[in-house]
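Asker: Before I ask anything, let me first share the structure, which is written out below as structure tokens.
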Amino acid sequence: MAYITLKNINKIYPNGFHAVHNFNLEIEKGEFVVFVGPSGCGKSTTLRMIAGLEDISNGEFLLDGKRANELGPREREIAMVFQSYALYPQMTVYDNIAFGLTLQGVDEDVIEERVKNTARILGLTDYLDRLPRALSGGQRQRVAIGRAIIRKVGIFLMDEPLSNLDAKQRVTMRYEIAQIHRETGATTIYVTHDQTEAMTLADRIVVMKDGYVQQIGTPYELYFKPANVFVAGFIGEPPMNFVRGQVKNGCITFGDTALDLSKKLENVQKYEGKQVVFGFRPEAIRLGAHPEAYQLNCKVELTEMLGDNTNVYITAGDQQAILKVDSHDTPEVDSLLTFSIPYESAYLFDGNTENVID
Ligand code: ATP
């Protein structure tokens with residue numbers, strides 16, 4: 001039996017806006033699940049329904065197999081970390097972390113032991129006497145996490161906890177959150193719009209768009225087996241390249257090249273005359289002409305050196321795409337080049353439904 005079950009969950013706000021449609025998910029104890037998607041897709045609304053901060057309009061929410069729709073936030077044994085740290089500015093780090101336990105009237109000795117243990121996990125031992133204003137953003141976020149994990153609840157909800165941090169701090173805190181999860185083993189649901197955070201932290205990712213779940217899977221599944229154009233374009237940086245076209249004589253054309261879809265599709269005649277979307281990842285190409293691959297000619301428009309690799313912006317016919325190459329192989333701007341997309345690295349999607357064609 002799953003630890004958390006969401007069955008056909010819907011959210012319709014009082015103004016009639018349908019923010020979440022038929023959300024179904026089972027989460028196992030100890031799992032780290034990330035909800036990801038663009039702004040407004042319903043991630044926070046879903047998280048807030050799980051927290052009990054928002055009513056569930058339709059559907060059933062089960063905790064450990066028991067209906068929990070009607071339970072208030074406190075009765076759900078859930079701790080939540082928000083984007084704003086919401087620390088008490090006049091209290092020390094120690095008191096901020098201890099706050100929940102102090103309210104519950106827990107014995108001072110027990111509180112001290114748990115605060116010290118929490119501070120150790122979070123690397124805050126040397127900061128316990130400081131006020132929040134004397135901490136960096138990352139340290140404040142750790143205090144906020146400490147306040148949540150000290151309660152030893154089974155479920156930990158995080159809503160964009162890293163969004164107030166700079167790029168470097170985000171990477172450090174991401175690593176720390178993964179470590180905390182390993183140490184505490186708490187079931188975690190984490191909301192972000194950042195696909196890198198989702199990919200690096202999650203056991204499983206739920207990709208959402210416009211209130212609908214697009215796909216649920218491991219980072220590996222989402223990257224290699226995207227269910228549709230949206231997921232394929234959302235996961236991966238730079239995003240997957242897409243070429244839309246009509247199938248003619250089993251091919252779609254890209255630049256001066258006709259892509260023979262029979263290399264990907266056994267029943268290509270079924271798609272004759274139909275719109276399809278051909279996709280390939282910037283990093284899945286090889287420079288030069290290689291066998292067992294689509295070979296394309298293109299013109300280099302711009303290069304972006306990122307360190308170990310370089311993004312190469314190209315045009316082929318009327319299409320634009322990005323290739324990711326080893327920086328040592330960076331081509332000249334305005335040069336013409338040939339590159340290959342191995343057949344197994346090419347994706348095809350139905351042009352109307354945008355679902356992957358297997
Ligand atoms: P973000 O990353 O921007 O926080 P999100 O995916 O978390 O986005 P939600 O905050 O869940 O999105 O909002 C989903 C949709 O519901 C949005 O279109 C939002 O405008 C709408 N919404 C949120 N709260 C309310 C409300 N109280 N009344 C009506 N509509 C709302």
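Asker: Quick check on my filter: what residues within region 22-50 are surrounded by fewer than 18 Cβ atoms within 10 Å (Cβ to Cβ) and within 13 Å of the ligand (Cβ to nearest atom)?
Answerer: PRO38, SER39, GLY40, listed by residue number.
Asker: Checking MET158 against (1) part of a helix (DSSP H, G or I); (2) within 17 Å of LYS29 (Cα to Cα), only one condition comes out false. Which one?
Answerer: (1)
Asker: Would you point out the residue of region 263-282, among those that are in contact (Cβ under 8 Å) with a residue 40 or more places away in the chain and open to solvent by 20 Å² or more (accessible area, probe 1.4 Å), that is nearest to ASN355 (Cα to Cα)?
Answerer: That would be GLN275.
Asker: In region 1-21, what residues are hydrophobic (A, V, I, L, M, F, W, C), more than 11 Å from the ligand (Cβ to nearest atom) and open to solvent by less than 40 Å² (accessible area, probe 1.4 Å)?
Answerer: ALA2, ILE4, LEU6, ILE9
Asker: Scanning for something buried (at least 23 other Cβ atoms within 10 Å of the Cβ), touching a Pro at 6+ places or on another chain (Cβ under 8 Å) and modelled with pLDDT of 95 or more, does region 205-223 turn up at least one residue?
Answerer: yes
Asker: Select from region 151-168 the residues that are closer than 13 Å to HIS181 by Cα and away from the ligand (no atom under 16 Å from the Cβ) and list them in ascending order.
Answerer: LYS152, VAL153, GLY154, ILE155, PHE156
Asker: What are the pairs with Cβ atoms under 9 angstrom where one residue, in region 1-21, is assigned by TED's automatic domain parsing to the domain that holds ALA186 and under 17 Å from GLY211 (Cβ atoms) and the other, located anywhere, is at pLDDT 95 or above and surrounded by fewer than 12 Cβ atoms within 10 Å (Cβ to Cβ)? Sequence gap at least six, or different chains.
Answerer: Between residues of region 1-21 that are assigned by TED's automatic domain parsing to the domain that holds ALA186 and under 17 Å from GLY211 (Cβ atoms) and residues that are at pLDDT 95 or above and surrounded by fewer than 12 Cβ atoms within 10 Å (Cβ to Cβ), the close pairs are LYS11/PHE17.
Asker: Residues of region 314-325 being assigned to a strand (DSSP E or B) and either acidic (Asp, Glu) or more than 12 Å from LEU337 (Cα to Cα) (or both), which ones?
Answerer: GLN319, GLN320, ALA321, ILE322, LYS324, VAL325
Asker: Sticking with this structure for a sec: Please note which strands (runs of 3 or more DSSP E) are completely contained in region 1-117 and include at least 2 residues that are within 30 Å of ALA134 (Cα to Cα). Spell out the reasoning first.
Answerer: Values: elements: 4-12, 18-27, 32-36, 58-63, 78-81.
Output list reads 78-81.
Asker: Given the structure, is PHE82 open to solvent by less than 20 Å² (accessible area, probe 1.4 Å), out of contact with any Phe, Trp or Tyr (no Cβ under 7 Å at 6 or more places or on another chain), on the phi < 0 side of the Ramachandran plot and among the aromatic types (Phe, Trp, Tyr)?
Answerer: The answer is no for PHE82.
The values are calculated or read from the model by the stated rules, or taken from the named source; none is laboratory data. Only a predicted model underlies this, so the values are computations on that prediction, with no experimental measurement involved. Cβ: placed from backbone, ideal geometry, glycine included. Neighbour counts: every protein chain shown. Just the protein is used for accessible areas: all its heavy atoms, side chains included, with ligands, DNA and RNA removed. Shrake-Rupley method; radii C 1.70, N 1.55, O 1.52, S 1.80 Å.
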